[in-house]
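A.B. asks: One structure coming up, written as C-alpha cells, with questions to follow.
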Amino acid sequence: MPVRMAVPKETVSGERRVALDPTMVERFAKLGVEILVEKGAGLSAFFADDLYAKTSRLVDHQTLCTEADVVFKVQGPTLEEVELLRDGSILLAVLTPHRNLDVVKRLRDKNITSFAMELIPRISRAQSMDVLSSQAAVAGYFVALRAAVLASGFFPMLTTAAGTIRPSKVVIVGAGVAGLQAIATCRRLGAMVEAYDIRPAARQEIESLGAKMIDTGVNAAAEGGYARELTAEERQKQADVLAKHIAAANAVITTAAIPGRAAPKIVTAAMVDNMKRGAVIIDLAAESGGNCELTRPGETYEHNGVLLDGPLNIPSNFPAPASEMYAKNLFNFLSPMIKDGNLNLDWNDEVIAKSALTHGGKIVHEPTSKLVG
C-alpha cells in the first residue's frame, strides 16, 4: 500500500503559506504516493482546491489526521493538532523546538518521527532543502521594499526641473541570504548601500552586489555558515564603527539571527537617538527579539523622529512564491527516499539524522533533549 502524505491547513494566525503547492503535489503523486489535502489548505496562498483535486484527495481535517502516514506543515503543530496525529506517523515542519517544548514532549510520547526543517545541516548537498535560506530570500526582498515605503525620502536619485534629489543611504546589517537579497533589492531601487557582516568572507558577496562593506575589524565566523557570539570587547568595537554609519543612514535593515537563540542586539538605543529624523529601521530579526534594543516585535512606532518596524512572519506576505519554495525544499528532502510509493528513511544519511527532532519515542536532537531534561 503506498504511503499517504497529507497537507493540512495552517492554523497559526496570519500564516498564509501552505506546505505543498499543486505542482509539488503532482510531483509527489508521480512517485506513487497518495496525497491528502485539507479542503481550503491553499486558498490563502492563492491555490484553489480544484488545482489540488487533479492529483490528490480533498478531505476534512479529521480524516486527514486519521489516515496520514506523513504530514507536511509550514508552522509547527499545536498540542491539540498533535493529539489528532496518528501514533507512529511522520511530521515535517518548522518546529522551533526551543519555544515549544510541550509540543516536542507530546511528539515523543506519541512515537511520532518529526523533522524540524530549520535543523537541516548547511552542507552543499542539502542546499536545495534549506528552508531557512529559501524563506530568508523572501524576507530579504520584503524588508527592502518595506524600507523604501516607510523611509521619508526617495531611494533613487531623481533629477527634476526643480533640482536633483540625492539617493537614500541604506545600511544593511548581516549579509546572509536575507541580507544579500535586501542589498540586491535596495540597489535595484537606486539606493546607496553599505553592508556589514562579522564574517570577512561576506565581503566578496556584498561588493559583487554593488554595496560597500563596512569593516569594523571584528571577525566572528563560526562553523555551519553562522556567526559566533561576540565578546564584550568585540561588541564595543563593532558598535563604535557601526554607530557612525547608522547615524548617516536614511534606512537601516537588520537581518542578523542565530537559529534557536535570541537575536544579537547590534543597534543600541543611543545609535537610534543619533539617527536622522525621518530615518527608518526595519528589524528582520524581530521574530527572535530583534537586533535593535528598541524593537517591539510586531509593532511599527516612532522614537524621536525615527520609525522602528518589527515585522513578524515575513514570508507570509508573499504566500504563493514562499509556499512554492518551501514545497520544493520538502520535495528535495524526502523524494530520494521514496520508491514505488513506499518511504524508507535512511538514518545513515547526515541530513536525515541531523534534522530529526523526535524518533522511536525519544527526543533525538541533543540540544532540545537537554532543554526538556
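A.B. asks: Of all beta bridges DSSP finds with both residues in region 107-251, what is the antiparallel percent, to the nearest 5?
C.D. replies: Bridges in region 107-251 that DSSP calls antiparallel: roughly 35 percent.
A.B. asks: Let me ask something additional. Given a cut-off of under 8 Å on Cα pairs at least six residues apart, what relative contact order in percent is computed for region 1-45?
C.D. replies: On the way: 50 pairs, mean separation 25.3, N = 45.
For region 1-45, the relative contact order is 56 percent.
A.B. asks: How much FRET efficiency would the formula 1/(1 + (r/R0)^6) give for Ala248 and Arg99, where r is the Cβ-Cβ distance and R0 is 35 Å, rounded to 0.05? All intermediate terms of the calculation are to be shown ahead of the outcome.
C.D. replies: On the way: r = 37 Å, r/R0 = 1.05.
After rounding, the FRET efficiency stands at 0.45.
A.B. asks: Here's another thing I want to ask about it. Under 1.5 on a/c is rounded, so check that first for region 1-101, then, if it is not, pick prolate when a/b is larger than b/c and oblate when it is not; a ≥ b ≥ c are the square roots of the alpha carbon gyration tensor eigenvalues.
C.D. replies: On the way: a/c = 1.78, a/b = 1.26, b/c = 1.41.
Oblate shape, in that a/c is at least 1.5 and b/c is the bigger or equal ratio.
A.B. asks: I've got another one for you. Using only the alpha-carbon atoms of the chain as identical scatterers, what base-10 log of I(q)/I(0) does the Debye formula give at q = 0.08, 0.09, 0.14 Å⁻¹?
C.D. replies: Each listed q maps to, in turn, -0.45, -0.56, -1.15.
A.B. asks: Determine which residues of region 134-162 fall in the zone a paramagnetic label at Thr300 would reach in this model, i.e. backbone nitrogen under 17 Å from the point 7 Å along Cα→Cβ.
C.D. replies: Once the point is set 7 Å along Cα→Cβ of Thr300, 139-155 turn out to lie under 17 Å by backbone N, inside region 134-162.
A.B. asks: Remind me, relative contact order of region 138-317 in percent, using alpha carbon pairs under 8 angstrom and six or more residues apart?
C.D. replies: Relative contact order comes out at 20 percent.
A.B. asks: Right, another one. When only Cα pairs under 8 Å and 6 or more residues apart are kept, what is the percent relative contact order across the chain?
C.D. replies: Normalised by residue count, the contact order of the chain is 20 percent.
A.B. asks: Given the C-alpha centroids of region 82-108 and region 165-182, what is the distance between them in whole angstrom?
C.D. replies: 37
A.B. asks: Give me the distance between the Cα centres of region 23-56 and region 257-284, rounded to whole Å.
C.D. replies: 41
A.B. asks: With only alpha-carbon atoms in the gyration tensor, what are the semi-axes of the equivalent ellipsoid for region 138-317, in Å, largest first?
C.D. replies: Here the semi-axes work out to 24, 18, 16 Å.
A.B. asks: Kirkwood hydrodynamic radius (Cα pairs, Å) of region 49-131?
C.D. replies: Evaluated on region 49-131, it is 14.0 Å.
A.B. asks: State the dimensionless ratio Rg/Rh of region 329-368 (Rg: radius of gyration of Cα atoms; Rh: Kirkwood radius).
C.D. replies: 1.01
A.B. asks: Bin width 10 Å, origin at 0, all Cα-Cα pairs of region 63-110: what percent of pairs per bin?
C.D. replies: Over region 63-110, the share of Cα pairs per 10 Å bin runs 28, 63, 9, 0 percent.
A.B. asks: Let me ask you something else. So for the pair Ser208, Thr160, with labels modelled 7 Å out along Cα→Cβ, what separation do we get in nm?
C.D. replies: 3.8
A.B. asks: Just from its helices, what would the mean residue ellipticity at 222 nm be for the chain, if runs of 4 or more DSSP H residues each count -39500 (n - 2.57) and the sum is divided by every residue, rounded to the nearest 500 deg cm²/dmol? Intermediate results must be reported in sequence, preceding the final value.
C.D. replies: Numbers: 13 runs with 124 residues, N = 373.
After summing the helix terms and dividing by the residues of the chain, the value is -9500 deg cm²/dmol.
A.B. asks: What whole-number volume per residue, in cubic angstrom, does the convex hull of the C-alpha atoms of region 90-235 give?
C.D. replies: Hull volume normalised by residue count: 163 Å³.
A.B. asks: So how much slack lies between Phe46 and Glu83, counting 0.36 nm per residue of separation and subtracting their Cα-Cα distance, in nm?
C.D. replies: Values: separation 37, 0.36 × 37 = 13.32 nm, distance 2.90 nm.
Contour length minus Cα-Cα distance gives 10.4 nm.
Throughout, read-outs are computed from the coordinates displayed, never taken from laboratory work. As the structure is a computational prediction, the values presented were derived from the model and not from experiment. Here Cβ is always computed from backbone atoms with ideal geometry, including for glycine, and neighbour counts include all displayed protein chains.
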